[in-house]
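The values are calculated or read from the model by the stated rules, or taken from the named source; none is laboratory data. Please read all numbers here as calculations on a predicted model, not as lab measurements. With ideal geometry, Cβ positions are generated from the backbone for all residues, glycine too; neighbour counts draw on all protein chains shown.
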Amino acid sequence: MIKRLLVIVVGTLFTLSASGCLVAESTYLKKVEEADGLSKELSELQSVHKKLVLENSALKARFNRLTEDTAVLAADKKQLEGILKAKSDILSKNISELRQQVAELKVENSKLNDDITELQKAKEEKVKEVSGTYEQLLANMKNEIAKGQVTISELKGKLTVNMEAAILFDSGKADVKPEGVDILAKMVETLKNVKDKAIRIEGHTDNVQITGALLRTFPTNWELSAARAINVTKFLQEQGIDPGNLSAAAFAEHKPVADNATKEDRAKNRRIEITLVAKD
């Protein structure tokens with residue numbers, strides 16, 4: 001009985017021992033498995049950590065570069081703002097100066113326009129005066145004009161009375177003959193009213209050279225044309241025309257108005273011209 005009981009106890013103890021070993025082994029295996037899992041997770045986390053450290057370094061480097069770029073851009077911005085402000089100040093100054101100049105030019109242009117208007121009026125008055133003188137001379141000398149002995153022309157404010165020498169002088173003479181005095185007298189009152197023009201008396205001849213006894217008085221056509229112009233000038237002065245407004249000029253045969261080939265043309269070249277010209 002006791003032996004049987006011992007067997008039962010031993011069996012029971014063996015069973016319990018085997019069961020305890022099985023439980024311990026199972027727990028160990030679980031711990032090993034947990035440890036492997038943790039090691040693997042640790043390895044993975046270390047890999048992620050390393051990767052994140054590298055990314056962090058790259059981001060810091062990029063951040064530093066961006067910070068430097070931002071600082072450079074800020075400096076450039078400040079410099080550009082300074083340049084723009086300087087240019088703006090210069091432009092503002094230039095605009096102010098230009099406005100002042102424009103205002104001054106407007107005033108000057110206004111004055112110039114007024115001056116032009118006044119000059120235009122004065123010019124029109126002078127043209128009227130010359131035209132009036134022209135009309136008066138035409139009326140006073142219509143008989144001589146009709147005979148072709150006198151021509152009167154007006155061009156651009158210049159008035160010229162052209163008289164054939166034959167109606168004023170005898171052949172080869174420089175003294176104004178009585179008939180010539182009468183003709184010149186018809187112009188005196190009109191010429192007295194000429195104030196803003198100079199009165200120039202020109203003597204002209206044909207190209208026939210002086211010969212014979214006349215050579216003692218007029219060695220060349222220069223002397224003859226000069227003497228005739230001077231005598232007409234002196235006559236006008238004697239009639240009350242201001243001598244400061246008179247002048248005499250001699251051209252001899254050197255300014256012909258016609259060919260000297262015919263008698264008629266030579267007669268045209270022998271002439272006295274009274275011209276109203278601008279004062280010096």
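Note on the range 177-188: residues that are in a helix (DSSP H, G or I) and free of Cβ contacts under 8 Å to residues at least 24 places away in the same chain amount to 4.
Considering the range 148-196, and only residues there that are modelled with pLDDT under 90 and of a type in the set (Lys, Arg), the residue that is nearest to Gln239 (Cα to Cα) turns out to be Lys195. Scan the range 145-162 and report the pairs whose first residue is over 11 Å from Thr133 (Cβ atoms) and whose second residue is assigned to a strand (DSSP E or B) and among the small types (Gly, Ala, Ser), with Cβ atoms within less than 6 Å and a gap of 6+ or a chain change. Qualifying pairs under 6 Å: Thr160/Ser153.
If you go through the range 234-262 and pick out every residue that is more than 49 Å from the chain's Cα centre (by Cα) and either in a helix (DSSP H, G or I) or among the β-branched types (Val, Ile, Thr) (or both), you end up with 6.
Residue selection: Leu168 satisfies the criterion of being surrounded by 18 or more Cβ atoms within 10 Å (Cβ to Cβ), closer than 15 Å to Ile201 by Cβ, more than 52 Å from the chain's Cα centre (by Cα) and assigned by TED's automatic domain parsing to the domain that holds Lys268.
State all residues of the range 160-194 that are under 13 Å from Gly240 (Cα atoms) and among the charged types (D, E, K, R); if no residue qualifies, say none. Within the range 160-194, Glu189, Lys192 qualify.
To keep it simple, each residue is scored yes or no on (1) buried (at least 19 other Cβ atoms within 10 Å of the Cβ); (2) of a type in the set (Gly, Ala, Ser); (3) assigned to a loop (DSSP other than H, G, I, E, B); (4) touching an Asp or Glu at 6+ places or on another chain (Cβ under 9 Å).
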site	(1), (2), (3), (4)
Gly203	yes, yes, no, yes
Asn207	no, no, yes, yes
Leu215	no, no, no, no
Leu224	yes, no, no, no
Glu264	no, no, no, no
Lys268	yes, no, no, yes
Asp280	no, no, yes, no
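Checking each residue in the range 171-216 for being under 46 Å from the mean Cα position of the chain (by Cα) and acidic (Asp, Glu) picks out Asp196, Glu202.
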